[in-house]
């Protein structure tokens, strides 16, 4: 059985590497900023979950959510924000824009894997 | 000013900021390496090989936080990125701690400096914390400028920032 596909969007290679290591049972696609992430989400139908930072160059995570609203090629796509930001106002904004979850860095690998399994369950 | 706000003199807030920085840096670096310890004496200057600098600005405060790294071996690219991510997470941790008392700021993307025997200096009063483990040494340097009088206030429960590691599925 082919692995489910998760897109990790973060300008930090360290974070992308750590998330990929935590989610070894998934196939991982990487993007280095919100613009790359948005383009991949708009182009591909097979991404099941996107894990996305907030503060990134070229396009922030919030700007990416605004862009892909209603435009995701895969309408079943789940999105979780992974960020240092913890302010309730920005969390509320992300939820309004369609995000399905929020994790404040640093993440717990076991919790992240459990969340990924839950969000990609059929 | 809200009636429950506690005004701070500049010296008081600088001390408070330094304490939050120490708390956040200690937690962050000991999570990275449990053998990491804060040093009471500063590390030798001119031994920094890479440093990441993050600027921040808010209504009451602005400044920068940097994480500098030095070890015996040249850092691989991923390790340099890790220094940037440490600075980013440290600035984020301090932001969340200050958010609990009603002081806010926005953070800029980190800038990584590479070189040999770098040293860091600021025109502002700076806070410097040095950490060491058997395999690496880190210096955290922060410069803070107070733009207008700061008053600490108790933030309503619904305004409290989430803690590091917290996860919420909507």
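Derivation of every value follows stated rules applied to the coordinates shown; laboratory data play no part. Here the structure is a predicted model, which means the values were calculated and not measured. Heads up, the Cβs are rebuilt from the backbone with ideal geometry, glycines too, and the neighbour counts pull from every protein chain shown.
Between residue A:117 and residue A:46, what is the spin-label point distance in nm, taking each point 7 Å from the Cα along the Cα→C-beta axis?
2.4
For the protein assembly as shown, give the share of DSSP beta bridges that are antiparallel, in percent and rounded to the nearest 5; count only bridges with both residues there.
70
Can you tell me the Rg and the Dmax, both Å, for the Cα atoms in region B:97-170?
Computed over the Cα atoms of region B:97-170, radius of gyration and Dmax are 17.1, 48 Å.
Mind checking B:14-26 for the average number of partner chain beta-carbons within 10 Å of each residue's beta-carbon?
Whole-number average of other-chain Cβ neighbours for B:14-26 is 0.
Could I get the Rg over Rh figure for chain A? Both from C-alpha atoms, Rh via Kirkwood, rounded to two places.
Rg/Rh for chain A comes to 0.92.
For residue B:41 and residue B:111, what does the FRET efficiency come to when R0 = 30 Å and r is the distance between their Cβ atoms, rounded to the nearest 0.05?
0.60
Label residue A:108 and residue A:20 with points 7 Å out from Cα along Cα→Cβ: what is the distance between them in nm?
Roughly 2.6 nm, to one decimal.
Over the Cα atoms of chain B, compute the convex hull volume and normalise it per residue, giving Å³.
Hull volume over Cα atoms, normalised by residue count, gives 130 Å³.
Could you check the spin-label model distance between residue B:147 and residue B:125? Points 7 Å from the Cα along Cα→Cβ, value in nm.
Roughly 2.0 nm, to one decimal.
Apply the a/c threshold of 1.5 to the C-alpha gyration tensor of region A:1-60 and tell me whether it is rounded, prolate or oblate.
Since a/c reaches 1.5 but b/c is at least a/b, the shape of region A:1-60 is classed as oblate.
If I take every Cα pair under 8 Å that is 6 or more residues apart in chain A, average their sequence separation and divide by the length, what percent do I get for the relative contact order?
25
Quick check for you: which residues of region B:104-138 have the amide N under 11 Å from the point 7 Å beyond the Cα of residue A:87 toward its beta carbon?
Within reach of a label on residue A:87: B:104-107.
Exposure proxy check: A:42, A:63, A:48 ranked by fewest other beta carbons within 10 Å?
Fewest-to-most ranking of A:42, A:63, A:48: A:42, A:63, A:48.
Taking a point 7 angstrom from the Cα of residue A:75 along the C-beta vector, which residues in region A:4-30 have backbone N less than 17 Å away?
Within reach of a label on residue A:75, which here means backbone N under 17 Å from a point 7 Å along Cα→Cβ, region A:4-30 contributes nothing.
What shape does region A:72-115 take by its C-alpha gyration tensor, where a ≥ b ≥ c are the square roots of the eigenvalues and a/c under 1.5 counts as rounded, a/b above b/c as prolate, and the rest as oblate?
oblate
In terms of the Cα gyration tensor, with a ≥ b ≥ c the square roots of its eigenvalues, is the protein assembly as shown rounded because a/c is under 1.5, prolate because a/b exceeds b/c, or oblate?
oblate
Just want to confirm a number: the relative contact order over region B:76-157, from Cα pairs under 8 angstrom separated by 6+ residues, in percent.
Contact order relative to length: 29 percent.
With a cut-off of 8 Å between alpha carbons and a minimum separation of six or more residues, what is the relative contact order of chain B in percent?
Computed value for chain B: 34 percent relative contact order.
Is any residue of region B:93-121 close enough, with backbone N under 19 Å, to a label point placed 7 angstrom from the Cα of residue B:154 along the Cα-Cβ axis, and if so, which?
So the set is B:97-103.
Using only atoms on other chains, find how many Cβ atoms lie within 10 Å of each Cβ of peptide A:79-86 and report the average.
Average per residue, whole number: 5.
Once both axes come from the Cα atoms, what is the angle between helix B:10-32 and the longest principal axis of chain B, in degrees from 0 to 90, rounded to 10?
The angle comes out at about 50 degrees.
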